[in-house]
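The values are calculated or read from the model by the stated rules, or taken from the named source; none is laboratory data. Only a predicted model underlies this, so the values are computations on that prediction, with no experimental measurement involved. Cβ sites come from the backbone with ideal geometry, for glycine too, and all protein chains shown count toward neighbours. These accessible areas exclude ligands, DNA and RNA; they are computed on the full protein's heavy atoms, side chains included. Shrake-Rupley method; radii C 1.70, N 1.55, O 1.52, S 1.80 Å.
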Amino acid sequence: MDRTLLIIKPDAVKRNLIGTILKHLGDAGFKIIAMKMLWPDKEMGGAFYEIHKGKDFYDWLVNFISSGPIVVACLTAPDAPKKLREVVGATDPKKAAPGTVRNLYGTSVGENVVHASAPDENPEREVAFFFTDREIFTY
Ligand code: DAT
Ligand code: MG
């Protein structure tokens, strides 16, 4: 089984959408094999999003991801990174396909409720950013 990283971003946590989003992903066939809630500081947010350093939205993004608690989870399913991106939808909620998580719950291109690892941007690096091997379970 493949694995990928999900982040429920501060906008969704503040709007009390943790359970709604996890149910959506459970119904879509994902199994949670690691999960925790944390409040990242700017150093951690900047390191996680370092791939975007230099882009015009980088400072906004780092401030946003460190603006409140987030939920990080490692999800497994066949072809998990690709499948999660499909279920999450396009970055901009207005362009996300009907019924996707961002289409249903996102409010703007920045406040788009979730992060999902890009299949071509090393999902395993993102899983390892938040979880040690001992925090990820096989069951
Ligand atoms: P994705 O999260 O779909 O992989 P991305 O990697 O291009 O999208 O960008 C990472 C995050 O940065 C994205 O979820 C929201 C934010 N972002 C991207 N483009 C933006 C923009 N034009 N204005 C504000 N925030 C943006
Ligand atoms: Mg991305």
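For the reader, a short list of remarks on this structure follows.
- Residue match in segment 28-43 (condition: under 13 Å from the mean Cα position of the chain (by Cα) and either more than 27 Å from TYR139 (Cα to Cα) or not in a strand (DSSP E or B) (or both)): no
- With respect to the conditions (1) within 15 Å of ligand 1 (Cβ to nearest atom); (2) small (Gly, Ala, Ser); (3) open to solvent by 10 Å² or more (accessible area, probe 1.4 Å); (4) more than 15 Å from ASP11 (Cβ to Cβ), ALA128 falls short on a single one, namely (1).
- Looking only at residues of segment 53-66 that are in contact (Cβ under 8 Å) with a residue 24 or more places away in the chain and within 13 Å of ligand 1 (Cβ to nearest atom), we find that the one that is most open to solvent (accessible area, probe 1.4 Å) is TRP60.
- Test set (1) within 23 Å of PHE137 (Cα to Cα); (2) open to solvent by 40 Å² or more (accessible area, probe 1.4 Å); (3) modelled with pLDDT of 95 or more - ILE8 fails condition number: (2)
- Residues being within 13 Å of ligand 2 (Cβ to nearest atom), within 15 Å of ILE21 (Cα to Cα) and assigned to a helix (DSSP H, G or I) - total across segment 77-124: 4
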